[in-house]
Amino acid sequence: MAAPKIIVVGGGLAGLSAVIKIAEMGGSVDLFSIVPVKRSHSVCAQGGINAAKNLKGEGDSTWQHFDDTVYGGDFLANQPPVKDMCEAAPGIIDLLDRMGVPFNRTPEGLLDFRRFGGTLYNRTAFAGATTGQQLLYALDEQVRRYESEGKVKKYEHWEFLSAVLDGNRVCRGICAMDLRSMEVRTFPADAIIIATGGNGAIFGKSTNSVVCTGSAQSALYQQGCYYANGEFIQVHPTCIPGEDKLRLMSESARGEGGRVWVPKTPGDKREPKAIPEKDRWYFLEEWYPKYGNLVPRDVATRAIFKVVFEHKLGIDGKPMVYLDLTHIDRKILDRKLEGILEIYEKFVGDDPRDTPMKIFPGMHYTMGGLWVDFKQATNIPGIYAAGECEYQYHGANRLGANSLVSCVYGGGVAGPNAVKYARGLQALSDGNGVFEAEKKKQEESNSLLMNNEGTENPFKLWRELGELMTKDCTVIRYNKNLQQTDARLVEMLERFRKVNLSDRTQWANTSVVFTRQVYNMLQLSRVIAQGARMRDESRGAHYKPDFPDRDDKNFLKTTKASFAPDADGPKFEFEPVDTSLIPPRARKYDAAK
Amino acid sequence: MANTNKSVLIKIKRQNTPTSKSYWEEFELAYHPGMNVISSLMEIAANPVTREGKATSPITYDSNCLEEVCGSCAMLINGRARMACSALIDNLEQPIKLEPFAKFPVVRDLATDRSVIFENLKAVKAWVPIDGTYDLGPGPRMTAEEQEQAYPISRCISCCCCMEACPQFNEDTGFVGAATIAQVRLFNTHPTGKSLQRERLAALMGDGGIQECGYAQNCVEVCPKDIPLTRAISEVGGEVMKQAIGDLFRR
């Protein structure tokens, strides 16, 4: 029997982790990525990767990690796969260590661990403050090794457009576009794995990379995949506002002792270092004495919003608070945080070793995503998903340093399951018709865009979308606004028909690609807005002042959206959450659990 | 110094296809604080009109993370090889001149084909040859000092600035470039990685190998990540020499 052929879409941590597992099992892989895989968004992860190795004599355990993750996610995640992930995490760290990741070391030469948000244990392994980069490089190197052995073929600078489904709605491959020649082509495969990351671009400016548009997930949702918990969007409390994006200031800054504060007097004009302790308000430490600055991200973000917008205590009246590292020894900062301090220095121009940083919350992570079962399979046979593009591990709020572990783990589950599925797959009987048909369909939508005579600039439409979604679908949500948002989205989809491309050439045309992404973003935005509208409670990152409490009776449920072609929009159903291992309890961080 | 001009003037060298002729276009943008080259290119995309008022197409360029860690957006900015995301308008002399890298094939406008770096990494086997991904326990123990040696080199983002700036990196020499040599240093000092040391050094011998380096030191000068490239080159150079002499006597 021929080796199973698997297509992996996305070359970040989850995708590469799947590729390695498949190659190791004797499968053959076609790997598709918009950018050269070494340039994937995983490089942006900074602070570290969680695993309960218990190397600090604290009595940490994988069960504690599991409990922190489920509790941090406000009990919305199905528990069995989360437990499996936490149990696999120490082995994942060992594997990465063997691959040569330069993790920081203790004086004895063992792996060092630091504290992150939402836990009281030092559980986070790290390589300076560029852990994601170092992990991605390690996997990239292993994939390059397989590539040189002929087991992996890379298609870099290719964009996924759609899945190819046969008459029984079984996935038989993908349709993709060469971003240089603009050629649309189909590629057969026994199974495909989607590992295309988050959807930050929907919010305009976020901490995400340019490629994180959610376009692939949206295309698959429009083809019949369930999209789960779309309304759960993580806003990271500490970002550096920028013209082109919001740059992340890692939670590790607080893990190493960074303190968040504002001047007690509104509009205090003094330089931060000239403001004495008695005139500073360390509000996180005051409100959450047990966890202090290391409360989970949703909690910290709402606290900052409260201080800035209700107490009107933003620095100089602006939406900003201080994140202060200046009390920490410079040598320690350089050894453990250099990568992120360098980002602040380069992009703001101040040295955070000398001056407190000015930060504000920004859209950061997509908890929701393609619905998958415990084998990482979506509801369409032959389509698997792993990493940030699926919904499985983080519930209503992700804990810091859990994303890297969920990517490596999820990819490691998806790969072998896709191979197993492929080995039992019946060959396609009705020939190549489905491939031709899908190719034609995608070529037609390209030529429609290219020849459209309208007035709407896709880049402007996108900016408008980002502002709308950031305003009404992030930190604080009101039903009235959500309803209006959805109406605006419908109107924008209408305007999209009048889109006009200022570039109509057939070579490396970024406008046509981007315009396709904008359409997919608009469709997926409706899933987010309507999902948020329907969930009348507050849970994790989803907060409604009109419904301030968690409501397990009505909403301890996974939101599942599916695309209704007739209505050209989402329809919803709800699925019970598997809470078989840890009974749900109230989540609060002002005291120990 | 903060720039107080009300507008930003940018000259961009454009090229529609890999084989077509290049041409220049000028853009004038409204100034606002915190602008960088990428945010300027984004603004041009939203309003693709030249300074003379002529409608044009958005600029094609490579970008992804915009935090100087993915290595995508390398280009020549006022003649210097650097990353566009960290090029703040306030710190650039105007008119700002944007050009694609000159030593790599142009794809379109400012986007170039730098895949050669990944081929080079393949040639020197820049990986740790692990037995497999199954659970084999922890990796080799390493001192904090060894980690601190390895980490800076491991931060290389494959942007190719060091290659663009190197006088020896051209078609005549076929020089592999500083970034790849530094990776050889990284993997040859890893406790498991060094099992491939001989093969890596052999790959750096002969034409296009490490001997092509002329010690101009432009590489360290432009490296956005401050990687100790010249130190890596001299260390690896010494090892290559030792191995070459050893091979001579073993023949």
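The values are calculated or read from the model by the stated rules, or taken from the named source; none is laboratory data. A quick note: this is a predicted structure, and the numbers were derived from the prediction, not measured. Quick reminder, even Gly has a Cβ in these numbers, built from the backbone with ideal geometry, and neighbours come from all protein chains shown.
Every listed requirement among (1) surrounded by 24 or more Cβ atoms within 10 Å (Cβ to Cβ); (2) of a type outside the set (A, V, I, L, M, F, W, C); (3) more than 24 Å from the chain's Cα centre (by Cα) is met by A:SER40 save one, (3). Name the residues in the stretch B:139-157 that are more than 7 Å from chain A (Cβ to nearest Cβ) and buried (at least 21 other Cβ atoms within 10 Å of the Cβ), would you? Answer for the stretch B:139-157, where residues must be more than 7 Å from chain A (Cβ to nearest Cβ) and buried (at least 21 other Cβ atoms within 10 Å of the Cβ): B:ILE153, B:CYS156, B:ILE157.
I want to confirm something. Restricting to the stretch A:210-225 and keeping residues that are buried (at least 23 other Cβ atoms within 10 Å of the Cβ) and more than 22 Å from A:PHE459 (Cβ to Cβ), which single residue is farthest from the other protein chains (Cβ to nearest Cβ)? The qualifying residue farthest from the other protein chains (Cβ to nearest Cβ) is A:CYS225. Looking across the stretch A:554-584, the residues that are part of a loop (DSSP other than H, G, I, E, B), touching a residue at least 60 places away in the same chain (Cβ under 8 Å) and closer than 18 Å to A:GLY73 by Cα come down to A:LEU556, A:VAL577, A:ASP578, A:THR579, A:SER580, A:LEU581, A:ILE582, A:PRO584.
Among residues of the stretch A:411-440 being touching a residue at least 24 places away in the same chain (Cβ under 8 Å) and of a type in the set (Lys, Arg), the one that is nearest to the other protein chains (Cβ to nearest Cβ) is A:ARG423. The single residue among B:CYS156, B:CYS161, B:CYS219, B:CYS166 that is touching a strand residue (DSSP E or B) at 6+ places or on another chain (Cβ under 6 Å) and in contact (Cβ under 8 Å) with a residue 24 or more places away in the chain turns out to be B:CYS161.
Checking every residue in the stretch B:67-75 against the condition of being buried (at least 24 other Cβ atoms within 10 Å of the Cβ), more than 15 Å from B:ALA102 (Cα to Cα) and of a type in the set (S, T, N, Q) gives at least one match. Residues in the stretch B:43-58 that are facing chain A (nearest Cβ under 8 Å) and surrounded by 20 or more Cβ atoms within 10 Å (Cβ to Cβ): B:ALA45, B:PRO48, B:SER57, B:PRO58.
Is it true that A:GLY150 is more than 8 Å from chain B (Cβ to nearest Cβ), under 19 Å from A:ALA23 (Cβ atoms), in a loop (DSSP other than H, G, I, E, B) and small (Gly, Ala, Ser)? Answer is yes for this residue. Annotation: of all residues in the stretch B:62-71 being in contact (Cβ under 8 Å) with a residue 60 or more places away in the chain and closer than 11 Å to A:PRO36 by Cα, the one that is nearest to the chain's Cα centre (by Cα) is B:GLY71. Only one entry in B:ALA84, B:ALA123 is within 24 Å of B:LEU229 (Cβ to Cβ), more than 7 Å from chain A (Cβ to nearest Cβ), aliphatic (A, V, I, L, M) and in contact with a strand residue (DSSP E or B) (Cβ under 9 Å, 6 or more places away or on another chain), namely B:ALA84. Give the stretch A:304-333 a look and list any residue that's surrounded by 17 or more Cβ atoms within 10 Å (Cβ to Cβ) and more than 25 Å from the chain's Cα centre (by Cα), or say none. Matches in the stretch A:304-333: A:VAL307, A:VAL308, A:LEU313, A:GLY314, A:ILE315, A:TYR322, A:ASP324, A:LEU325, A:THR326, A:ILE328, A:LEU333. Say whether the condition of being touching a residue at least 60 places away in the same chain (Cβ under 8 Å), touching a Cys at 6+ places or on another chain (Cβ under 9 Å), within 14 Å of chain B (Cβ to nearest Cβ) and of a type in the set (Val, Ile, Thr) is met by at least one residue in the stretch A:228-235. No, there is no match, as no residue in the stretch A:228-235 is touching a residue at least 60 places away in the same chain (Cβ under 8 Å), touching a Cys at 6+ places or on another chain (Cβ under 9 Å), within 14 Å of chain B (Cβ to nearest Cβ) and of a type in the set (Val, Ile, Thr).
Kindly indicate whether A:ALA191 is buried (at least 24 other Cβ atoms within 10 Å of the Cβ) and within 11 Å of chain B (Cβ to nearest Cβ). Taking the combined requirement at face value, the residue does not satisfy it. Taken together, the residues in the stretch B:21-36 that are more than 17 Å from A:PHE459 (Cβ to Cβ) and either in a helix (DSSP H, G or I) or more than 9 Å from every other protein chain (Cβ to nearest Cβ) (or both) amount to 8.
Could you tell me whether any residue of the stretch A:501-509 is in contact (Cβ under 8 Å) with a residue 24 or more places away in the chain, within 21 Å of A:PRO237 (Cα to Cα) and either under 20 Å from the mean Cα position of the chain (by Cα) or within 14 Å of chain B (Cβ to nearest Cβ) (or both)? Among the residues of the stretch A:501-509, not one is in contact (Cβ under 8 Å) with a residue 24 or more places away in the chain, within 21 Å of A:PRO237 (Cα to Cα) and either under 20 Å from the mean Cα position of the chain (by Cα) or within 14 Å of chain B (Cβ to nearest Cβ) (or both), which makes the answer no. For the criterion of being among the basic types (Lys, Arg), within 19 Å of A:GLY47 (Cα to Cα) and buried (at least 18 other Cβ atoms within 10 Å of the Cβ), A:LYS336 passes.
As a summary of the residue check, B:CYS156 satisfies the conditions (1) part of a helix (DSSP H, G or I); (2) under 12 Å from the mean Cα position of the chain (by Cα) except for the one numbered (1). Which residues, counting only those in the stretch A:530-542, are surrounded by 20 or more Cβ atoms within 10 Å (Cβ to Cβ) and not charged (D, E, K, R)? Within the stretch A:530-542, A:GLN530, A:GLY531, A:ALA532, A:SER538, A:GLY540, A:ALA541, A:HIS542 qualify. For the stretch A:175-244, the strands (runs of 3 or more DSSP E) that sit wholly inside it and include 2 or more residues that are within 30 Å of B:LEU88 (Cα to Cα) and under 13 Å from the mean Cα position of the chain (by Cα) are A:233-240. Test A:ALA88 against the stated conditions and say whether it is hydrophobic (A, V, I, L, M, F, W, C), under 25 Å from the mean Cα position of the chain (by Cα) and either buried (at least 20 other Cβ atoms within 10 Å of the Cβ) or away from every other protein chain (no Cβ under 14 Å) (or both). For A:ALA88, the condition - hydrophobic (A, V, I, L, M, F, W, C), under 25 Å from the mean Cα position of the chain (by Cα) and either buried (at least 20 other Cβ atoms within 10 Å of the Cβ) or away from every other protein chain (no Cβ under 14 Å) (or both) - is not met. Residues in the stretch A:299-345 that are part of a helix (DSSP H, G or I), more than 26 Å from A:ALA541 (Cα to Cα) and among the β-branched types (Val, Ile, Thr): A:ILE332, A:ILE343. For A:VAL408, the conditions (1) within 30 Å of A:ILE174 (Cα to Cα); (2) hydrophobic (A, V, I, L, M, F, W, C); (3) in a strand (DSSP E or B) are fulfilled apart from (3).
Among the residues of the stretch A:317-340, the ones that are more than 24 Å from A:GLY204 (Cα to Cα), in contact with a strand residue (DSSP E or B) (Cβ under 9 Å, 6 or more places away or on another chain) and modelled with pLDDT under 95 come to 1 in all. Candidates are the residues of the stretch B:100-109 that are more than 11 Å from chain A (Cβ to nearest Cβ) and either of a type in the set (Lys, Arg) or surrounded by 22 or more Cβ atoms within 10 Å (Cβ to Cβ) (or both); the one that is farthest from B:ALA203 (Cα to Cα) is B:PRO100.
For the stretch A:105-138, the set of residues classified as assigned to a helix (DSSP H, G or I), aliphatic (A, V, I, L, M) and at the interface with chain B (Cβ under 10 Å from one of its Cβ atoms) consists of A:LEU136, A:ALA138, listed by residue number.
How many residues, within the stretch A:346-384, are assigned to a strand (DSSP E or B), of a type in the set (D, E, K, R) and within 19 Å of the chain's Cα centre (by Cα)? Count: 0.
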